[in-house]
Amino acid sequence: MARDNVVAGATSAPPGEATGTATATVAPRVGDDAPRPDGIPKATGRFAFSSDLWIDGMLWGRTLRSPHPAARVRSIDVAPALALPGVWAVLTAADVPGRPTFGLEVPDQPVLAGDVVRYHGEPVAAVAADHPETARAAAEAVIVDYEPLTPLVDPAAALGSPPIHPDGNLFRHLPIRHGDPGATGTVVVEGEYEVGMQDQAFLGPESGLAVPADDGGVDLYVATQWLHVDRDQVAASLGLPVERVRLHLAGVGGAFGGREDVSLQIHLCLLALRTGRPVKMVYSRDESFFGHVHRHPARMWYRHHATAEGDLVKIEARILLDGGAYLSSSNAVISNAACFAPGPYRVPNAVIDGYVVRTNNPPCGAMRGFGSVQVCYGHEAQMDKLAAAIGVDPVALRARNALHRGDRLVTGQVLTGAVPVREVIRAAAARPLPAPADPDGPVIARPGGAGLTADPEDITRGVGFALSIKNVAYSEGYDDYATARLRLEAGAGGEPVATVVVATAEVGQGFVTLAGQIVGEELGVERVVLAPAGTAEVGSAGSSSASRQTWVSGGALQLACAAVRAELVSRAASKWACPTDAVEVSPGALRRSDTLERAGWAELLHPPIEVEEVYHHRPTRALDADGQGDAHLAMMFAAHRAVVDVDRGLGLVRVVQVATGQDVGRALNPLQVTGQIEGGIAQGVGLAVMEEIVLDTGRVRNPSFTDYLIPTTLDMPVVDAVLVQEPEPGAPYGAKGVGEPPAISSGPAVLAAIRDATGLPLSRVPVRPADIALADPSG
Amino acid sequence: MPVEQRPPDVPAGWDLPPAPGGRETPGGDRPWPTAEAYELVVNGETREVTGGWVGESLLFVLRERLGLPGAKNACEQGECGSCSVLLDGVVVCACCVLGADAAGAEVTTVEGLTSSGAAADVQAALVGAGGVQCGFCTPGFVVAITDLLARSPDATELEVREALSGNLCRCTGYGRILEAVSEVQAERRMAGGPG
């Protein structure tokens, strides 16, 4: 892959300020391709993932789940399970000592179902036994008497149906009214679009180990995205004060939004406290598909109005997300979907209604791209339709309408940060196109690969283009902060050693690398120790989601470095009885500027310096009744151009290349940024052509990697990425987040390319072979 | 009340402590048939497996009884390659082999490839090229890449993609992993290795 950098706009000096004179330090700096400190442990198998934990005498947990999407539970008989040798506990709803429900925003989901189940796979009982096979047998032995109900599975029918939950069937309706709702354009295009349910499919299964503690509390070692919010939910359901519930981050095997909600955390702690023994639980892949929320399926209607020249006049949109049985983060997902429904374009007038509703389908919540992904399929298809209707180049139409700094979103918010939309378009469009398909090339390179393989003469190539917009961090007035503690002490040889204590969940994104780079940048310290992340050790870092940790946890660590430096200066000033501004700091040394007296840091590190800092990003505001307000912190933009080969007769697609320009603010670790871009594109390609949780009247039909396909090495195209670097004002080091944009417009670009190759309207993803091969050519 | 300290067997950081082997399920009646004791030769060492359920996979035995968690458990149905090990020199998914069926066989895990140094350049390249993110697939890739390059040092990019298509990665999109493979190929050629 080519990895070029372009620098857009005015580059201001990064706020890292001089760390003193450059001395011989090899500390990693911000902007370096620093390698991951956990890389070798991971590559050698020594890294401790949550499913690798083991402690003497531990039991194995197991969940019993509902086979019905909707049913009344008439009775549960656990006696046959308890009678099995090796079974220690079988818990049901009656055994939850504290709050019987949990949830990220509103606790509307039972820890264990009581008298009703609302989705296929809802937990009904939890078992602990001394062997996983015993636990499986025990779960199977529990007798649940269900009275199946007709499930509510059509989100469009949710509002007109009797409530399936005491909180009703509407999670949120978000209207956006901007400008003149009666405005019309001379060119009008309309369309309906649909997005299927995608799974995060992180590879490390949900797993953890709960250990009962002497104080009557519990220690939970678990893979999660947000330790503190898990802790609060666990403690509430256990009926314990939060101090007695200590969560420790165990190695996380990917997340992508799927670990933001509680899965097995409460069950594990209940079992450990009931049995007095440590309990480990590891979901099978099958159970993982039931054990976490998914990306919301979407149905969208759009009508775009433009002038004859192609300037957007108004956008009308109705977006319906299926939230599934429980709320999770649905309210925030619909907010993104509605706010970013137009895409990264200047739209003076808008009438947008976003709805997210409750059904008896699996609960949906956070997944990489979070609401922006679904609407991107809509707004980008509309831009192509509009270009065709006007007769202009679709890329030129996008550039013509692209947002600039100073423009307003349809929420009325003025964009004051970096808005390099044209730059990302130019960067992606300028990448060289791949060579034409070689008819004599290897069969495996054709659509279908080694199996059902296309004939070279049936292959058509198509090219598609798409843009995306996504917010960084939490919005709508949420106090989105992170905490960092930093300790500086003298090592055995007098060298400074910095210990970083953050609760930031390392889920694979590489914050652990960045932490060392920030300390290296700010203090020049080479030896940086990352302490284990836990709720008892430090305050919340917020969630590893919304592309926010580089900004927020990075900001907290930058503040902590500054505080450590200030304390060093203050100690030197005391020692020398001089003003602090007479003290100069360089890595490992201090100097008094008037007398040129010198001191090593080691002399001043008894006792060690220890600071704790909290970083809050600029406050955001709630949206008003018309969906207007400065609800978002900052925006990220990306452009993707996809090239596909399609066999129209067989309906097979091969994605050949994805070129991208991504607005990253500033790349703090270009190698890791590249990894985020390539990985995000894989998930975008997956949604476009293969990934969908298939539901049959509320039942999940494909909970396995045999039937839910994610891209392999043979499915992944060549990625050609350009990092567009225009520092974001107000962001630590000028860096925006980078994780989500590649997962947003990559898929819509692929879909556009398939439309280009086939001439079919294709308005639903993922595109299946039958959608192409069996399509009515008359449209 | 004193706050419970981290139990000694639970790793405090990234490195797993040396795990005790020979973990047994406590005695007593079982709702399942127990396997007879059998031996596996794992990373050159003969290990005895006793008291297990007859249905335990080789993956479970390695991870939970022999203290070798390097092979991972992402799907446990042979689709993802995260549990790749060498069984008598052939790459298999350890989840799809019964532990008792492997009795007497030679098993090499990522831990074995690490201690012999056979995968050192592959491991270093994966880290250096950015091929490791969450890392859950990484040990399986290390086994598969090491095996591929031993058999086929000059594999073309397409051959590498085909050979590694049984190893799923959800984080990287494979770009940095493929880059690492090509770096190892180049380094080995420079070092005058085979091919």
Inter-part gap, Cα centre of the range A:270-305 to Cα centre of the range A:316-334, in whole angstrom, is 17 Å
Rounded to whole angstrom, the alpha-carbon centroid of the range A:127-147 lies from that of the range B:51-103 at a distance of 24 Å
With the charge dipole of the range B:38-109 built from beta-carbon charges (+1 for Lys and Arg, -1 for Asp and Glu) about the Cα centre, the Cα from B:A100, B:V90, B:F60 projecting farthest to the positive end belongs to B:F60
With +1 on the Cβ of every Lys and Arg and -1 on the Cβ of every Asp and Glu, the dipole magnitude of the range A:651-726 about its Cα centre, in debye rounded to the nearest 20, is 100 debye
For chain A, the Cα-Cα pair-distance distribution in 20 Å bins from 0, as whole percents, is 16, 47, 31, 6, 0
extent check for the range A:299-357: Cα max minus min per principal axis, descending, whole Å, gives 45, 17, 13
Averaged over the residues of A:86-96, the number of partner chain Cβ atoms within 10 Å of each residue's own Cβ comes to 1
Largest-first semi-axes in Å of the equivalent ellipsoid built from the Cα gyration tensor of the range B:38-109 are 17, 13, 10
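Note down the net charge around B:V90, summing +1 for each Lys or Arg and -1 for each Asp or Glu among other residues with Cβ under 15 Å from its Cβ.
Cβ neighbours under 15 Å give a net charge of -3.
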Taking every C-alpha to C-alpha distance in the range A:602-741 and binning by 5 Å from 0, the per-bin percentages run 2, 8, 12, 12, 12, 12, 12, 11, 8, 4, 3, 2, 1, 0, 0, 0
Counting only DSSP beta bridges fully inside the protein assembly as shown, the antiparallel percentage to nearest 5 is 75 percent
If each K or R counts +1 and each D or E counts -1, the residues other than B:S165 whose Cβ falls under 13 Å of its Cβ total -4
Rg/Rh over Cα atoms for the range B:74-142, Kirkwood Rh, comes to 1.00
Treating only Lys and Arg (+1) and Asp and Glu (-1) as charged, each at its beta carbon, one finds that the protein assembly as shown has a dipole about its Cα centre, in Debye to the nearest 20, of 1460 debye
One can check that the equivalent ellipsoid of the range B:117-190, built from the alpha-carbon gyration tensor with semi-axes equal to the square roots of five times its eigenvalues, has lengths in Å, largest first, of 17, 13, 11
Of every Cα-Cα pair in the range A:87-233, the percentage lying beyond 25 Å is 52 percent
Mean 1/r over distinct Cα pairs of the range A:167-248, inverted to a Kirkwood Rh in Å, yields 18.1 Å
By the mean-Cβ-within-10 Å protection proxy, highest first, A:643-652, A:434-443 rank as A:643-652, A:434-443
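Volume per residue, Å³, of the convex hull around the alpha-carbon atoms of the range A:316-463?
Numbers: hull volume 26.2 nm³, N = 148.
Hull volume normalised by residue count: 177 Å³.
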For chain A, whose charge dipole is built from +1 on Lys and Arg Cβ atoms and -1 on Asp and Glu Cβ atoms, the candidate among A:G734, A:G121, A:P703 with its Cα farthest towards the positive end is A:G734
Among GluC sites (Glu not before Pro) in the range A:281-361, those in a DSSP loop whose Cβ has at most 15 other Cβ atoms within 10 Å are A:E309
For A:K42, the lysines lying under 21 Å Cα to Cα, once residues fewer than eight places off in the same chain are dropped, come out as B:K72
Only helices counted: for chain A, with every DSSP H run of 4 or more residues adding -39500 (n - 2.57) and the sum spread over all residues, [θ] at 222 nm is -7000 deg cm²/dmol
Counting other chain Cβ atoms within 10 Å of each Cβ in A:712-722 and taking the mean gives 5
If unit charges are put on Cβ atoms (+1 for Lys and Arg, -1 for Asp and Glu) and the dipole of the protein assembly as shown is taken about its Cα centre, the option from A:V463, B:A74, A:G477 lying farthest towards the positive end turns out to be A:G477
Quick calc, the range B:117-190, dipole around Cα centre from Cβ unit charges on Lys, Arg (+) and Asp, Glu (-), nearest 20 debye, gives 180 debye
In whole angstrom, the spacing between the Cα centers of the range A:444-477 and the range A:682-736 equals 11 Å
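Every number here is computed from the coordinates shown, using simple stated rules; none is lab data. Computed from a predicted model, the values in this text were never measured in an experiment. Positions of Cβ are backbone-derived with ideal geometry, glycine not excepted, and every protein chain shown enters the neighbour counts.
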